[in-house]
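Presented below is the structure to which this report refers.
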Amino acid sequence: MTTLLNETLRQESIYIPTPARIATINPMTATEKLFRVALPSGFSLAHRPGQFVEVSIFGVGEAPISICSSPSHSNGSFELCVRSAGKLTNALHRLSPGGTIAIRGPFGRGFPIERFRGKDIIFVAGGLGIAPLRSLIEEVIADRGKYGRVYILYGSRSPNDILFSEDLKLWANAPRTEVHLTVDRTAPGWDGNIGVITTLFPKLRFHSRNMVAVVVGPPVMYRFVLMELLARGLADGNIWLSFERQMKCAVGKCGHCQMHHIYTCQDGPAFSYAQIKNLEEAL
């Protein structure tokens, strides 16, 4: 990104973080919280759906986290859905509204939303994968007339692990939009689908001729979802995936996210299947 706003946010170096304030914190599940982060007055993140930021806490460390809010609704702030799973994220969960963190970014290549216009879209999310997809889904729903039918498939471990439940209800009420949920294990009161996310595909009736798919979730999910999409005739270049695992520095220096000749943090995290299908490290 080379916009003036991004250059201003990054100050004079991509290595220098910008102080930011935690505006609100909303618990979502037993392990995830939604943080709204406010940037200094006059600053904007100016991100694209699918990009990420580096979040740091002084004395603790730094970690890459996907942006889950829509660029159209930023107003000087943005949202992060964070799972408490490590040193930095545990420290972030202990903070309160008004607390200070630091931000570098946005980084990476997001989803090419311009190429999705006029097409049907199928979103497939597994677990925390709904967080980076939310940014893209919100953009599509907000400009609904520019896209065809929308299918949102979301799989969670249990009903209690479902993220953005209110958003899912709103999306389901949008024109020409279907939302299908599934869980690995049931709980009292759940009357929806039970099973892995591919068990939702038989419920869908769509034509692949003018469709793109966007898939985000745990790596084990990708292979089986790809089999379903390819079997239904989607072209390799119309299937988009996000590869966020192993990212660390965000600037291609540490090598943690390298897949053969590709640095995920710079060349991705969004890739078409055509770009990565021959990389053994990817799938």
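List of remarks:
- Test: Ala131 is of a type in the set (A, V, I, L, M), not assigned by TED's automatic domain parsing to the domain that holds Glu62 and not in a strand (DSSP E or B): yes
- Residue within segment 160-182 that is under 16 Å from the mean Cα position of the chain (by Cα), within 30 Å of Ser84 (Cβ to Cβ) and among the hydroxyl-bearing types (Ser, Thr, Tyr) present: yes
- Among the residues making up segment 168-178, those that are surrounded by fewer than 17 Cβ atoms within 10 Å (Cβ to Cβ) and not small (Gly, Ala, Ser) are Lys169, Leu170, Asn173, Pro175, Arg176.
Every residue, every condition in (1) assigned to a loop (DSSP other than H, G, I, E, B); (2) out of contact with any Cys (no Cβ under 6 Å at 6 or more places or on another chain); (3) free of Cβ contacts under 8 Å to residues at least 12 places away in the same chain, yes or no:
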| site | (1), (2), (3) |
| --- | --- |
| Gly148 | yes, yes, no |
| Glu166 | no, yes, yes |
| Pro175 | yes, yes, no |
| Val179 | no, yes, no |
| Thr182 | no, yes, no |
| Pro188 | yes, yes, yes |
| Ser208 | yes, yes, no |
| Ala213 | no, yes, no |
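- Meets criteria (in contact with a strand residue (DSSP E or B) (Cβ under 9 Å, 6 or more places away or on another chain), part of a strand (DSSP E or B) and assigned by TED's automatic domain parsing to the domain that holds Val140) for Ala270: yes
- Which listed residue, of Met221, Met227, is within 18 Å of Pro132 (Cβ to Cβ) and not in a strand (DSSP E or B): Met221
- When Ser44, Ser66, Ser70 are checked against the criterion of being surrounded by 17 or more Cβ atoms within 10 Å (Cβ to Cβ), over 13 Å from the mean Cα position of the chain (by Cα) and outside the structural domain of Lys253 (by TED's automatic domain parsing), a single residue qualifies: Ser44.
- When residues in segment 138-186 are screened for being closer than 19 Å to Lys203 by Cβ and of a type outside the set (D, E, K, R), 22 of them pass.
- From the options Phe58, Phe52, Phe43, residue that is closer than 29 Å to Trp171 by Cα and either aromatic (Phe, Trp, Tyr) or at pLDDT below 85 (or both): Phe52
- Criterion (over 23 Å from Cys249 (Cα atoms) and not assigned by TED's automatic domain parsing to the domain that holds Gln246) met by exactly one of Arg83, Arg94, Arg117: Arg94
- Looking only at residues of segment 234-255 that are assigned to a loop (DSSP other than H, G, I, E, B), under 20 Å from the mean Cα position of the chain (by Cα) and crowded, with 18+ Cβ neighbours inside 10 Å, we find that the one that is modelled with the lowest pLDDT is Glu244.
- Residue match in segment 181-201 (condition: under 25 Å from Met247 (Cα atoms), buried (at least 16 other Cβ atoms within 10 Å of the Cβ), in contact with a Phe, Trp or Tyr (Cβ under 9 Å, 6 or more places away or on another chain) and not hydrophobic (A, V, I, L, M, F, W, C)): no
The values are calculated or read from the model by the stated rules, or taken from the named source; none is laboratory data. Computed from a predicted structure; not experimentally measured. Heads up, the Cβs are rebuilt from the backbone with ideal geometry, glycines too, and the neighbour counts pull from every protein chain shown.
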